[in-house]
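This report concerns only the one structure given below.
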Amino acid sequence: MDQLSALDTVAAEAGRGELAFPTSVHATLTLQRALGQPDCHIDAAARLVQAEPLLAARTVAIANSVAYNRTGNDVTNVRAAVQRVGFRTLGALAAAVAVRQLASEIRDPGLRQKADALWAHSAHVAALAQVIARRVSFVDPETALFAGIVHEVGGFYLLSRAESMPGLLDDNLDAWLDHGEAAIGRGVLHKLGVPGPVMDAIEAMWKGIRALPPETLGDTLLLANDLAPFPSPLFTPPGATTQNAAATIDFVIGAGTLTQVLEESGEEVKSLSSALM
């Protein structure tokens, strides 16, 4: 099967909601929906998180990261971690687990390497987006964190199907841009129940149109994507910001500059991205 046909097949399935998710993803999405219920108490949330070891470990790690541990006192149990990070961040972490689980059944070493590289990229985008949201664009930082976590979910789904569909990852950039990225991404994001404002921000990132300094969630996500030290291992559109060009992005924000903000927040970004990893 050639790449265009393979992409069209996967995009059509995604558009119909016929997505082949591993069983573990469905379980995590069920947990995420339970956490999102308004009557979910912290004790119930802690029990739900403890039932998923990867989510439990990640929640404690995030709670002890510089971004959330302002006092320097580490927590050592899930309940205290849930209390510190809050339910909204917990929902983002559940999404992070679900995204990683999309690639959990990949056996091909080359594809696994791409999946690991894509998650390194996503984790850094998420950490940068949260800092930029809080200190530069002043949009909701927890929503920015979530958007960074899920912005490449279509790519993870693509990698999960590549073993069974030879040709899906052939280096045909036009096919990916016209038939893959947005068409598959929308279907997967919809299946994951991603909120409309986050969908809109990711659509804006796909289009590559932004304001500097960033004003919206889409601007924030695109800037974080450009500044991430680990690029996506998937297709790069023509005219995309290179790492060398990204290093020159700077502008005045308040009494300082973007460069100063990033320098001051460097440990926070490092700690948060490492916890997500």
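Some notes on this structure:
- Lone unmet requirement of (1) more than 24 Å from Q37 (Cα to Cα); (2) in a helix (DSSP H, G or I); (3) under 18 Å from the mean Cα position of the chain (by Cα) for A92: (1)
- Restricting attention to the range 205-224, the residues that are surrounded by fewer than 24 Cβ atoms within 10 Å (Cβ to Cβ), part of a loop (DSSP other than H, G, I, E, B) and in contact (Cβ under 8 Å) with a residue 24 or more places away in the chain add up to 5.
- Restricting D74, D8 to those that are closer than 23 Å to E268 by Cα and acidic (D, E) reduces the list to D74.
- Candidate set: the range 86-123, residues that are closer than 13 Å to A162 by Cα and acidic (D, E); chosen: the one modelled with the highest pLDDT: D108
- Residue match in the range 55-68 (condition: in a helix (DSSP H, G or I), surrounded by fewer than 17 Cβ atoms within 10 Å (Cβ to Cβ), under 22 Å from the mean Cα position of the chain (by Cα) and on the phi > 0 side of the Ramachandran plot): no
- Every residue from the range 2-17 that is part of a helix (DSSP H, G or I) and of a type outside the set (D, E): Q3, L4, S5, A6, L7, T9, V10, A11, A12, A14, G15
Every residue, every condition in (1) of a type outside the set (S, T, N, Q); (2) touching a residue at least 24 places away in the same chain (Cβ under 8 Å), yes or no:
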| site | (1), (2) |
| --- | --- |
| A14 | yes, yes |
| A20 | yes, yes |
| H26 | yes, no |
| L31 | yes, yes |
| A34 | yes, no |
| Q50 | no, yes |
| T59 | no, yes |
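The values are calculated or read from the model by the stated rules, or taken from the named source; none is laboratory data. Everything quoted here is computed from the prediction, not taken from an experiment. Positions of Cβ are backbone-derived with ideal geometry, glycine not excepted, and every protein chain shown enters the neighbour counts.
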